[in-house]
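*Asks:* Let me begin by handing over the structure; questions about it come next.
The values are calculated or read from the model by the stated rules, or taken from the named source; none is laboratory data. Computed from a predicted structure; not experimentally measured. Cβ coordinates were reconstructed from backbone atoms using ideal geometry, including for glycine residues, and neighbour counts include every protein chain displayed.
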Amino acid sequence: MLQRLALGALLLFAGIQVSNAEDATKAELKKLEGTWQLVSAVTDGKAAAEDFVAKVQVIIKDGKHSVKIDGETAVKEIPVAVDPSTDPKSTTDTLPDGQTILGIYELEGDKLTSCVAKPGQARPKAFAAEAGSGLTLRVFRRVRD
């Protein structure tokens, strides 16, 4: 009887922890929702052209993100999962073909910094995209209405 009560308490506690983690994830996604203007991007040590950067926006809504280039949708509703419990916080994008893009991010007010690997590569450990790394470092600013 005591073992059943202990097991029940353990399962209840585990359920509460899962619920708290889910709530934290939902709250984090809510913070990221909105339109983000690309400010800079570096891939494999090479900076993206300023005229291209000025054309790129990312829209995050309902756990998905879309990319617009010069107002035209280039990528539509890619599911993104966040894990605010990691250090740095992490993302996993799932492409339509099932491949994943692993990344890290940092949100400071209206500034979002992200570093992502190519599909199939390991998650970045730092916010850097040195030559030969296969990583892309991006900085965004939130677009206010």
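*Asks:* For region 43-72, what are the residues that are over 17 Å from L32 (Cβ atoms) and in contact with a strand residue (DSSP E or B) (Cβ under 6 Å, 6 or more places away or on another chain)?
*Replies:* Scanning region 43-72 gives T43, A48, V53, K55, I69.
*Asks:* Given the options S133, S66, name the one that is under 17 Å from L29 (Cβ atoms) and of a type outside the set (D, E).
*Replies:* Selected residue: S66, the only one of S133, S66 that is under 17 Å from L29 (Cβ atoms) and of a type outside the set (D, E).
*Asks:* Does G103 fit the bill of being of a type outside the set (D, E, K, R) and on the phi > 0 side of the Ramachandran plot?
*Replies:* In short, no.
*Asks:* Further question on the same structure: Pull up region 116-145, narrow it to residues that are aliphatic (A, V, I, L, M) and out of contact with any Asp or Glu (no Cβ under 8 Å at 6 or more places or on another chain), then point me to the one that is surrounded by the fewest Cβ atoms within 10 Å (Cβ to Cβ).
*Replies:* Ranking the qualifying residues of region 116-145, first place goes to A122.
*Asks:* How many of the residues in region 1-43 are among the basic types (K, R) and either within 30 Å of E130 (Cα to Cα) or at pLDDT below 50 (or both)?
*Replies:* Residues that pass the stated criteria total 1.
*Asks:* Right, something else. Let me confirm something: among E77, E106, which residue is modelled with pLDDT of 95 or more and among the acidic types (D, E)?
*Replies:* E106
*Asks:* Quick check on this structure: which one of S90, S85 is modelled with pLDDT of 95 or more and among the polar types (S, T, N, Q)?
*Replies:* S90
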